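Novice: First, the structure itself, so that you have it in front of you.
The values are calculated or read from the model by the stated rules, or taken from the named source; none is laboratory data. All values reported here derive from a predicted model rather than from experimental measurement. We place every Cβ from the backbone using ideal geometry, glycine too, and count neighbours over all the protein chains shown. The protein model used for the area step is the full one, side chains on, heavy atoms only, and it has no ligands, DNA or RNA in it. Shrake-Rupley method; radii C 1.70, N 1.55, O 1.52, S 1.80 Å.
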Amino acid sequence: MPRLVLATANPGKVIEFQAYLPDWDCVPRPAGLEIEETGDTFLANACLKATHIARLTGEWAIADDSGLMVDALDGSPGLYSARYGTTDAERIERLLFELGDELERSARFVCALAVADPTGTILAQAEGVCEGEILRAPRGNGGFGYDPIFYVPDQGLTFAQMTPDLKRQVGHRGRALAALQPQLQALV
Ligand code: ITT
(Lines give C-alpha, C1' and ligand atoms only; values in the text may rest on other atoms or scores of the structure.)
Protein backbone atom coordinates (compact mmCIF):
# COMPACT_ATOMS: atom_id res chain seq x y z
CA MET A 1 0.00 0.00 0.00
CA PRO A 2 1.52 3.38 -0.95
CA ARG A 3 2.31 5.79 1.91
CA LEU A 4 0.76 9.24 2.08
CA VAL A 5 1.62 11.83 4.73
CA LEU A 6 -1.45 13.76 5.90
CA ALA A 7 -0.25 17.38 5.88
CA THR A 8 -2.71 18.49 8.56
CA ALA A 9 -2.50 19.14 12.28
CA ASN A 10 -6.30 19.13 12.66
CA PRO A 11 -7.33 15.86 14.41
CA GLY A 12 -10.87 16.10 12.95
CA LYS A 13 -9.47 16.15 9.42
CA VAL A 14 -7.07 13.26 10.18
CA ILE A 15 -9.98 11.04 11.23
CA GLU A 16 -11.90 11.88 8.06
CA PHE A 17 -8.89 11.35 5.77
CA GLN A 18 -8.12 7.92 7.20
CA ALA A 19 -11.71 6.81 6.47
CA TYR A 20 -11.67 8.37 2.98
CA LEU A 21 -8.39 6.81 1.81
CA PRO A 22 -8.55 3.06 2.58
CA ASP A 23 -6.15 2.20 -0.27
CA TRP A 24 -3.37 4.34 1.19
CA ASP A 25 -1.21 3.89 4.25
CA CYS A 26 -1.93 7.31 5.79
CA VAL A 27 0.64 8.61 8.26
CA PRO A 28 0.45 11.81 10.32
CA ARG A 29 2.78 14.72 9.59
CA PRO A 30 5.66 15.43 11.98
CA ALA A 31 4.45 17.27 15.10
CA GLY A 32 5.27 20.86 16.08
CA LEU A 33 5.36 22.48 12.64
CA GLU A 34 3.88 25.86 11.79
CA ILE A 35 3.03 26.35 8.13
CA GLU A 36 2.04 29.90 7.22
CA GLU A 37 -1.07 29.96 5.08
CA THR A 38 -0.18 32.95 2.91
CA GLY A 39 -2.18 31.98 -0.21
CA ASP A 40 -5.23 33.96 -1.28
CA THR A 41 -7.34 30.92 -2.23
CA PHE A 42 -8.10 27.58 -0.55
CA LEU A 43 -6.31 25.81 -3.40
CA ALA A 44 -3.18 27.96 -3.10
CA ASN A 45 -2.98 27.17 0.64
CA ALA A 46 -3.55 23.44 0.08
CA CYS A 47 -0.71 23.39 -2.48
CA LEU A 48 1.55 25.32 -0.10
CA LYS A 49 0.94 22.84 2.76
CA ALA A 50 1.33 19.73 0.55
CA THR A 51 4.58 20.99 -1.00
CA HIS A 52 6.05 21.97 2.36
CA ILE A 53 5.29 18.65 4.09
CA ALA A 54 6.36 16.52 1.09
CA ARG A 55 9.76 18.26 0.89
CA LEU A 56 10.24 18.06 4.64
CA THR A 57 9.42 14.34 4.90
CA GLY A 58 10.67 13.22 1.48
CA GLU A 59 7.33 11.41 1.02
CA TRP A 60 4.06 11.85 -0.88
CA ALA A 61 1.77 14.27 0.98
CA ILE A 62 -1.87 15.30 0.81
CA ALA A 63 -3.08 18.63 2.20
CA ASP A 64 -6.49 20.16 2.75
CA ASP A 65 -7.40 23.80 3.06
CA SER A 66 -11.01 24.34 3.89
CA GLY A 67 -13.41 26.80 5.39
CA LEU A 68 -16.91 28.08 5.85
CA MET A 69 -18.22 30.93 3.68
CA VAL A 70 -21.30 32.74 4.97
CA ASP A 71 -23.16 34.85 2.39
CA ALA A 72 -24.49 37.47 4.83
CA LEU A 73 -20.89 38.01 6.05
CA ASP A 74 -19.53 38.48 2.50
CA GLY A 75 -17.89 35.04 2.54
CA SER A 76 -16.34 35.25 6.04
CA PRO A 77 -14.81 33.50 7.88
CA GLY A 78 -13.62 31.83 4.63
CA LEU A 79 -9.84 31.53 4.47
CA TYR A 80 -9.74 32.64 8.13
CA SER A 81 -12.07 29.89 9.43
CA ALA A 82 -9.36 28.33 11.62
CA ARG A 83 -8.19 31.75 12.87
CA TYR A 84 -11.70 32.98 13.81
CA GLY A 85 -11.15 31.84 17.42
CA THR A 86 -8.79 29.64 19.41
CA THR A 87 -11.22 26.77 20.11
CA ASP A 88 -14.14 25.28 18.15
CA ALA A 89 -16.55 26.65 20.79
CA GLU A 90 -15.08 30.16 20.43
CA ARG A 91 -15.26 30.05 16.63
CA ILE A 92 -18.93 28.98 16.74
CA GLU A 93 -19.77 31.63 19.34
CA ARG A 94 -18.14 34.38 17.27
CA LEU A 95 -19.89 33.32 14.07
CA LEU A 96 -23.31 33.24 15.77
CA PHE A 97 -22.59 36.67 17.28
CA GLU A 98 -21.55 38.18 13.92
CA LEU A 99 -24.67 36.80 12.20
CA GLY A 100 -27.00 37.89 15.02
CA ASP A 101 -30.67 37.86 13.97
CA GLU A 102 -29.87 37.90 10.24
CA LEU A 103 -32.57 35.95 8.38
CA GLU A 104 -30.43 35.18 5.31
CA ARG A 105 -28.25 32.39 6.74
CA SER A 106 -27.04 30.55 3.62
CA ALA A 107 -23.45 29.30 3.68
CA ARG A 108 -21.14 26.78 2.08
CA PHE A 109 -18.20 24.68 3.16
CA VAL A 110 -15.36 24.58 0.66
CA CYS A 111 -12.47 22.12 0.61
CA ALA A 112 -9.41 22.23 -1.63
CA LEU A 113 -7.05 19.25 -1.74
CA ALA A 114 -3.55 18.98 -3.16
CA VAL A 115 -1.16 16.03 -3.47
CA ALA A 116 2.60 16.58 -3.78
CA ASP A 117 5.33 14.10 -4.69
CA PRO A 118 8.51 13.86 -2.56
CA THR A 119 10.11 16.75 -4.50
CA GLY A 120 7.17 18.97 -3.56
CA THR A 121 5.65 19.04 -7.06
CA ILE A 122 1.85 19.16 -7.07
CA LEU A 123 0.54 16.21 -9.08
CA ALA A 124 -3.16 16.22 -8.21
CA GLN A 125 -5.66 18.78 -6.97
CA ALA A 126 -9.43 19.07 -6.56
CA GLU A 127 -12.17 21.05 -4.84
CA GLY A 128 -15.48 20.14 -3.20
CA VAL A 129 -18.38 22.26 -1.95
CA CYS A 130 -21.36 21.61 0.32
CA GLU A 131 -24.27 24.08 0.51
CA GLY A 132 -26.12 24.67 3.78
CA GLU A 133 -27.39 27.13 6.37
CA ILE A 134 -26.12 28.45 9.71
CA LEU A 135 -28.43 27.52 12.60
CA ARG A 136 -29.07 29.86 15.56
CA ALA A 137 -27.73 27.31 18.07
CA PRO A 138 -25.52 24.17 17.89
CA ARG A 139 -27.18 20.81 17.20
CA GLY A 140 -25.49 17.37 17.41
CA ASN A 141 -22.30 16.00 18.94
CA GLY A 142 -20.34 14.49 16.03
CA GLY A 143 -17.66 15.89 13.75
CA PHE A 144 -15.51 18.91 14.56
CA GLY A 145 -15.17 22.64 13.97
CA TYR A 146 -18.33 24.39 12.82
CA ASP A 147 -20.22 21.08 12.27
CA PRO A 148 -22.90 21.65 14.99
CA ILE A 149 -24.17 24.88 13.39
CA PHE A 150 -23.93 23.82 9.73
CA TYR A 151 -27.32 22.49 8.62
CA VAL A 152 -27.77 20.67 5.30
CA PRO A 153 -31.41 21.14 4.22
CA ASP A 154 -31.36 18.20 1.75
CA GLN A 155 -30.60 15.85 4.68
CA GLY A 156 -32.51 17.69 7.43
CA LEU A 157 -29.38 17.35 9.63
CA THR A 158 -26.33 19.31 10.75
CA PHE A 159 -22.89 17.86 9.94
CA ALA A 160 -22.61 17.08 13.67
CA GLN A 161 -25.78 14.95 13.52
CA MET A 162 -24.63 12.91 10.52
CA THR A 163 -22.87 9.56 10.64
CA PRO A 164 -19.27 9.80 9.38
CA ASP A 165 -20.43 7.90 6.30
CA LEU A 166 -23.16 10.40 5.47
CA LYS A 167 -20.87 13.37 6.05
CA ARG A 168 -18.43 11.75 3.63
CA GLN A 169 -21.15 11.39 0.97
CA VAL A 170 -22.52 14.92 1.15
CA GLY A 171 -19.66 16.90 2.73
CA HIS A 172 -17.16 19.20 1.05
CA ARG A 173 -14.12 17.03 1.96
CA GLY A 174 -15.77 13.82 0.71
CA ARG A 175 -16.74 15.53 -2.54
CA ALA A 176 -13.23 16.92 -3.04
CA LEU A 177 -11.78 13.45 -2.41
CA ALA A 178 -14.22 11.86 -4.87
CA ALA A 179 -13.06 14.39 -7.48
CA LEU A 180 -9.42 13.63 -6.59
CA GLN A 181 -9.72 9.80 -6.69
CA PRO A 182 -9.23 9.33 -10.48
CA GLN A 183 -6.06 11.46 -10.32
CA LEU A 184 -4.83 9.48 -7.29
CA GLN A 185 -5.47 6.15 -9.03
CA ALA A 186 -3.47 7.35 -12.02
CA LEU A 187 -0.51 8.10 -9.72
CA VAL A 188 -0.31 4.67 -8.06
P1 ITT B 1 -4.41 22.28 8.97
O2 ITT B 1 -4.08 23.61 8.32
O3 ITT B 1 -3.32 21.75 9.82
O4 ITT B 1 -4.97 21.27 8.01
P5 ITT B 1 -6.56 23.81 10.21
O6 ITT B 1 -7.63 23.51 11.20
O7 ITT B 1 -5.70 25.04 10.46
O8 ITT B 1 -5.64 22.52 10.03
P9 ITT B 1 -7.59 25.07 7.81
O10 ITT B 1 -6.58 26.16 7.79
O11 ITT B 1 -7.94 24.39 6.51
O12 ITT B 1 -7.21 23.88 8.78
O13 ITT B 1 -8.89 25.65 8.50
C14 ITT B 1 -10.11 25.10 8.27
C15 ITT B 1 -11.03 25.44 9.42
O16 ITT B 1 -12.36 25.42 8.87
C17 ITT B 1 -10.99 24.36 10.52
O18 ITT B 1 -10.16 24.70 11.58
C19 ITT B 1 -12.45 24.32 10.97
O20 ITT B 1 -12.67 25.33 11.92
C21 ITT B 1 -13.20 24.66 9.68
N22 ITT B 1 -13.58 23.41 8.97
C23 ITT B 1 -13.00 22.85 7.87
N24 ITT B 1 -13.60 21.72 7.54
C25 ITT B 1 -14.58 21.53 8.44
C26 ITT B 1 -15.54 20.52 8.65
O27 ITT B 1 -15.60 19.46 7.86
N28 ITT B 1 -16.38 20.66 9.67
C29 ITT B 1 -16.33 21.73 10.47
N30 ITT B 1 -15.44 22.72 10.39
C31 ITT B 1 -14.56 22.62 9.36
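Novice: So which residue, out of Ala46, Ala176, Ala124, gets the largest mean-square fluctuation from a GNM of the chain using Cα contacts under 10 Å as springs?
Specialist: Comparing Ala46, Ala176, Ala124 in the GNM, the peak value goes to Ala124.
Novice: How large is ³J(HN,Hα), in whole Hz, for each residue of segment 112-121 in order, when computed from phi with the Karplus curve 6.51 cos²θ - 1.76 cosθ + 1.60 and θ = phi - 60°, using x for Gly and Pro?
Specialist: Along segment 112-121, the couplings run 10, 10, 9, 10, 10, 7, x, 7, x, 6 Hz.
Novice: If I build a Gaussian network model for the chain, linking alpha-carbon pairs within less than 10 angstrom, which residue out of Pro28, Pro77, Pro153 has the largest mean-square fluctuation?
Specialist: Highest fluctuation of the listed residues: Pro153.
Novice: P(r) for segment 77-188: what percent of alpha-carbon pairs falls in each 10 Å bin, starting at zero?
Specialist: 14, 40, 30, 14, 3, 0
Novice: Springs between alpha-carbon atoms under 10 Å, Gaussian network over the chain: tell me which of Asp154, Asp88, Asp165 tops the mean-square fluctuations.
Specialist: For the chain, modelled as a Gaussian network with Cα springs under 10 Å, the answer is Asp154.
Novice: What is the magnitude of the charge dipole of segment 1-109 about its Cα centre, with +1 placed on the Cβ of each Lys and Arg, -1 on the Cβ of each Asp and Glu, and no other charges, expressed in debye to the nearest 20? Before the final figure, lay out the partial values.
Specialist: Numbers: 10 positive and 19 negative charges, 96 e Å.
Dipole of segment 1-109, to the nearest 20 debye: 460 debye.
Novice: Counting Lys and Arg as +1 and Asp and Glu as -1, each charge on the Cβ, what is the dipole of the chain about the Cα centre in debye, to the nearest 20? Intermediate values should be presented prior to the final figure.
Specialist: Numbers: 16 positive and 26 negative charges, 95 e Å.
That gives the chain a dipole magnitude of about 460 debye.
Novice: Using a 1.4 Å probe on the protein chains only, how many percent of the accessible area of the chain belongs to carbon and sulfur? Before the final figure, lay out the partial values.
Specialist: Working: 4770 of 9070 Å².
Looking at the chain in its full context, I get 53 percent from C and S.
Novice: As an exercise, use a Förster radius of 30 Å and the Cβ-Cβ distance of Asp74 and Glu34 to find the FRET efficiency, rounded to the nearest 0.05. All intermediate terms of the calculation are to be shown ahead of the outcome.
Specialist: Working: r = 28 Å, r/R0 = 0.94.
Taking R0 as 30 Å, the efficiency between Asp74 and Glu34 is 0.60.
Novice: Report ³J(HN,Hα) in whole Hz for each residue of segment 123-136, in order, from the Karplus equation J = 6.51 cos²θ - 1.76 cosθ + 1.60 where θ = phi - 60°; Gly and Pro get x.
Specialist: Each residue of segment 123-136 in turn: 10, 7, 7, 7, 10, x, 10, 9, 8, x, 9, 8, 6, 8 Hz.
Novice: A further question on this structure: Can you give the FRET efficiency for Glu102 and Gln183, using 1/(1 + (r/R0)^6), R0 = 35 Å, r = Cβ-Cβ distance, to the nearest 0.05?
Specialist: Numbers: r = 39 Å, r/R0 = 1.11.
With a Förster radius of 35 Å, E is 0.35.
Novice: Rounded to whole Å and ordered largest first, report the semi-axes of the equivalent ellipsoid of the chain derived from its Cα gyration tensor (root of 5λ). Mind dumping the intermediate values first?
Specialist: Numbers: eigenvalues 164, 60, 39 Å².
Values for the chain, descending: 29, 17, 14 Å.
Novice: Hey, what's segment 49-129 come to in accessible area per residue, 1.4 Å probe, Å²? Could you put the intermediate results ahead of the total?
Specialist: Values: 3680 Å² over 81 residues.
Per residue, segment 49-129 has an accessible area of 45 Å².
Novice: Need the C-alpha centroid separation for segment 38-88 versus segment 126-188, integer Å.
Specialist: Taking the Cα centre of segment 126-188 as reference, the centre of segment 38-88 is 16 Å away.
Novice: Taking R0 as 41 Å, what's the FRET efficiency between Thr119 and Ala89 from their Cβ-Cβ distance, rounded to 0.05?
Specialist: Values: r = 40 Å, r/R0 = 0.98.
Efficiency computed from Cβ-Cβ geometry: 0.55.
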